[in-house]
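Shown next, in structure tokens, is the structure this report addresses.
Every number here is computed from the coordinates shown, using simple stated rules; none is lab data. Only a predicted model underlies this, so the values are computations on that prediction, with no experimental measurement involved. Please note: Cβ atoms are built from the backbone with ideal geometry, for glycine as well, and neighbour counts cover all protein chains shown.
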Amino acid sequence: MHLRQAGRREPRLPLGPKLRGHAQVLCSKDQWQLRDPPNFHAHTFGEHEGYGVVEVIQNLVLDFEDAGAAGNWREQYAICEAIAFFMMTELSYPATAAIDDPVLASRTHALVGRMFLSMLAQLDSNGLLTSTSSILNLGLIMAFYIVAAGFRRASFKILKGSNTEPLRDATDDNRKWCPDRFDDHSFAYAKKRGIKLARIGYVGIVLSSFDMKPLAVVSNPPTTAGSTDPFGFAKELESYKKRYAGLGAKLVKRHHRPAGTWVGIGGDHFDFTTWTSDERKKASYMGRDPMGQRGMDAIAEGKIFRRR
């Protein structure tokens, strides 16, 4: 994960995409638990868990950026897998239902959708977005992004914008797309490339509604070898960083702890194990550090807390 303190990043695992993604999901679950004060019999402010989940998602997006800079598309895809599974569970709900900033919630999810589309465009340009792709779970992951977007639009009233942008690699300057409708474009990619989307349970019900949509108006960039970010992920990420840099530091500064030195997005502001013993004590229902000496010793040894 992308964390402020030296030595706190997770090791890169020599695994295939599916196993990498699974490892990232488990790591994300652990990181979420560390950002939920009730797990430590403590309370800070009502939105702590919600902003903590946003922080976890931001860390994954930063890892995606790092993997791209290193030219590691497999690591990028593993991160896309992790976010897909994360968004399909209740673990991610606080990022929409438990924060008091619907614009941040919508923009964060739109950024994730844009990130996934940039991944699909990269796979497409490298001949990997096909019905016979060596990436065996493409249909499942694409289905998850489509369903997660639709669920949030219907249940949490986000991703409902209609603003459009030009497709950067389109040969036709009039071709545009809507970032809040990244699910439409994911479905269009699947249809264009003959990728069979997983249709299990609720996922299948949602996808059946897409079958009836007129997708002629949905434009995806043409397949071009070496295509570079047609959905403008890098530019939007820089804009997102400028808008929300330091937000976590400002929020925790109001509740029990100093702001710290990290002023970017992501980090570990809401991670309760990174707080000092006195800071945790102030937030604890028990009037003492809920981690105790045993917990602090475990962290010093590099161990990670996990709720059973």
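In this rough spin-label picture, where each label sits 7 Å from Cα along the Cβ direction, the ALA298-ASP278 distance is 2.5 nm. Shape annotation for region 101-244: C-alpha extents along the principal axes are 41, 36, 26 Å, from largest to smallest. Around the Cα centre of region 101-244, unit charges on the Cβ atoms of Lys, Arg, Asp and Glu (plus for the first two, minus for the last two) sum to a dipole of about 340 debye. Please compare each pair in LYS29/LYS303; LYS176/LYS235; LYS176/LYS196 to a cut-off of 21 Å on the Cα-Cα distance and tell me which ones are over it. Long pairs (Cα-Cα over 21 Å): LYS176/LYS196. A crude spin-label estimate for the pair ILE200 and LYS235, with each label 7 Å from Cα along the Cβ direction, gives 3.8 nm. Taking neighbour Cβ counts within 10 Å as the exposure measure, how do VAL103, VAL61 sort from fewest upward? Arranged by neighbour count, lowest to highest, VAL103, VAL61 become VAL103, VAL61.
The gain in end-to-end length when the TRP73 to GLU90 segment is fully stretched comes to 3.3 nm, 0.36 nm per residue minus the alpha carbon separation.
Once the Cα-Cα distance is subtracted from the 0.36 nm per residue extended length, the ALA245 to LYS160 segment shows a gain of 28.2 nm. FRET efficiency for the pair THR130 and SER209, taken as 1/(1 + (r/R0)^6) with r the Cβ-Cβ distance and R0 = 25 Å, rounds to 0.50. Ranking VAL103, LEU117, ALA69 by how far each Cα lies toward the positive end of the dipole of region 52-124 (charges on Cβ) leaves LEU117 at the top.
Cβ-to-Cβ counts within 10 Å put SER106, SER131 in ascending order as SER131, SER106, the fewest first.
The overall shape of region 68-116, judged from the alpha-carbon gyration tensor, is oblate: a/c is not under 1.5, and a/b is no greater than b/c.
The lysines within cross-link reach of LYS241, meaning a Cα-to-Cα straight distance under 23 Å and a gap of 8 or more places when in the same chain, are LYS160, LYS250, LYS253.
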